[in-house]
1. Working out 0.36 nm times the residue gap between Gln81 and Asn105, then minus their Cα-Cα distance, what length gain in nm do you get to one decimal?
2. What's the FRET efficiency of Asp176 with Asp57 using the Cβ-Cβ distance as r and R₀ = 25 Å, to the nearest 0.05?
3. Quick one: plug the Kirkwood hydrodynamic radius of the stretch 70-226 (C-alpha pairs) into Stokes-Einstein at 37 °C, 0.692 mPa s, and report D in µm²/s.
4. Across the stretch 110-174, what fraction of all alpha-carbon pairs, as a whole percent, falls in each successive 5 Å bin from zero upward?
5. How do the peptides 54-60, 4-10 rank, highest first, by the average count of neighbouring beta carbon atoms within 10 Å per residue?
6. Just want the answer: with Cβ charges of +1 for Lys and Arg and -1 for Asp and Glu, which residue in Val91, Gly153, Pro204 is farthest toward the dipole's positive end in the stretch 76-210?
7. Multiplying the sequence separation of Thr262 and Arg22 by 0.36 nm and subtracting their Cα-Cα distance, what value in nm do you get?
8. Using a Gaussian network model of the chain with C-alpha springs under 10 Å, which one of Ser110, Ser157, Ser39 is most mobile by mean-square fluctuation?
Amino acid sequence: MRVAICGGGVIGACTAYYLTRRGINVIVVERTEVAAAASGKAGGFLALDWCVGTPLDKMARRSFVLHADLPPEIGADWAYQRMTAYSGFVVADDGARRHARAKLNWLSQSVIITDRLGTPETTAVVHPRKFTSAMMSAAQRHGALLCPGRVTGIVRSADGSRIRGVEADGVTVEADAVVIAMGPWSMAAAAWLRLPAVFGQRSPSLVYDTGTDVPADALFLEYRDESGTITMVEVFPRADGSTLVTAFSNQTALPSDPATVTPEASEIDRLHVIAARLSPAFRPERIIARQACFRPVTQDGLPLIGKVPQSEGVYVATGHNVWGILNAPATGEALAELIADGASRSTDLAPFDPARLRPLIPSPLPLS
Ligand SMILES: Cc1cc2nc3c(=O)[nH]c(=O)nc-3n(C[C@H](O)[C@H](O)[C@H](O)COP(=O)(O)OP(=O)(O)OC[C@H]3O[C@@H](n4cnc5c(N)ncnc54)[C@H](O)[C@@H]3O)c2cc1C
């Protein structure tokens, strides 16, 4: 059996890894480069129990455990570390500052910590690009092929009954099964398959070289600017000495080419002003990346993981929203079980069945 995975983000890489571990031949078709999109630009934050009370809870718990097991299993370093997570707010005036002091000594006095949201037992972080690349490399060591190319359609046998592969850059990549894992660009596949819509939610971020100045404290802060507008700011220090600061989220048009996703200068300027208020560690000369990315979002906020309706041999794994890095290992593991054995044992995929949502286009367009 040979499986073609469309997309070399964290979901494609983890699916490739778990399929190859079962001895299945895999070819990953990626149009830009591995981790080119959100999987290379995310925070990398992981939480054991922050999805409690939602259909994602079991998957998140399973994936949190897999994340801890993977570094020794694969024998690579992608800056996995346990951390503490805090919430709080940023005060604007001296009056408020007199009444409260930051509890974390690396932060400015204007940052007030109110709660501890997670401990090293329940929260962790990875460098998302290094993690995605390491998972892809591990899959390649197990025999997976990585093929550059833009997937533009599904190829079937003449009578339409059997999958023959995918079309990439005008060439057929032969396969017995196909996984659509193109993040928000999976929307393109809704023109070829009975797939629900997937949207892109855009956020800018800054990455600072903070060395050892910032300890393993993730922050979720409420920031009120001069106009009274409240913004949620998130700070993720990683074990390799880099710290990502992100804020703002908006639904702007998704560029057709992932390589052309760039941040807006005004958002980057605002983000830098906010970061500078948080800590002296966030100085302009320490910025090593100004970036933006789109997280894949579905209509009900849950991922699409499973068989594509009315397309035997075609699977989808996308729409992981803010938890794609966290949930990638459990997604890959469960999807590999579904493809190889016909059912997933490790995680119940029923809540993520693509058939629960109405397809974007009622019947597929003619296939190549
Ligand atoms: C600012 C920000 C911070 C985040 N922080 C966190 C966090 O702390 N923790 C967490 O768990 N999640 C986080 N996320 C969410 C996470 O990044 C995403 O859910 C996850 O990366 C999605 O992975 P993916 O593989 O589905 O998609 P993507 O990373 O978008 O990968 C899709 C891949 O498909 C390729 N592709 C597209 N079209 C084609 C085509 N036609 N043919 C071939 N290849 C194609 C693209 O080039 C790309 O490499 C964050 C997201 C953002 C935006």
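Read-outs throughout are calculated quantities, based only on the coordinates presented, and are distinct from any laboratory measurement. Everything numeric here is computed off the predicted structure, so don't read it as measured data. For neighbour counting, all protein chains shown are included, and Cβ atoms are generated from backbone atoms with ideal geometry for every residue, glycine included.
1. Gain on stretching Gln81 to Asn105: 6.6 nm.
2. 0.15
3. Translational D for this selection: 160 µm²/s.
4. The distribution over the stretch 110-174 is 4, 13, 11, 11, 13, 12, 8, 7, 7, 7, 5, 3, 1, 0, given as percents.
5. 4-10, 54-60
6. Result: Val91, furthest along the dipole toward the positive end.
7. Here the segment from Thr262 to Arg22 would lengthen by 82.6 nm.
8. Sorting by GNM fluctuation, first place goes to Ser157.
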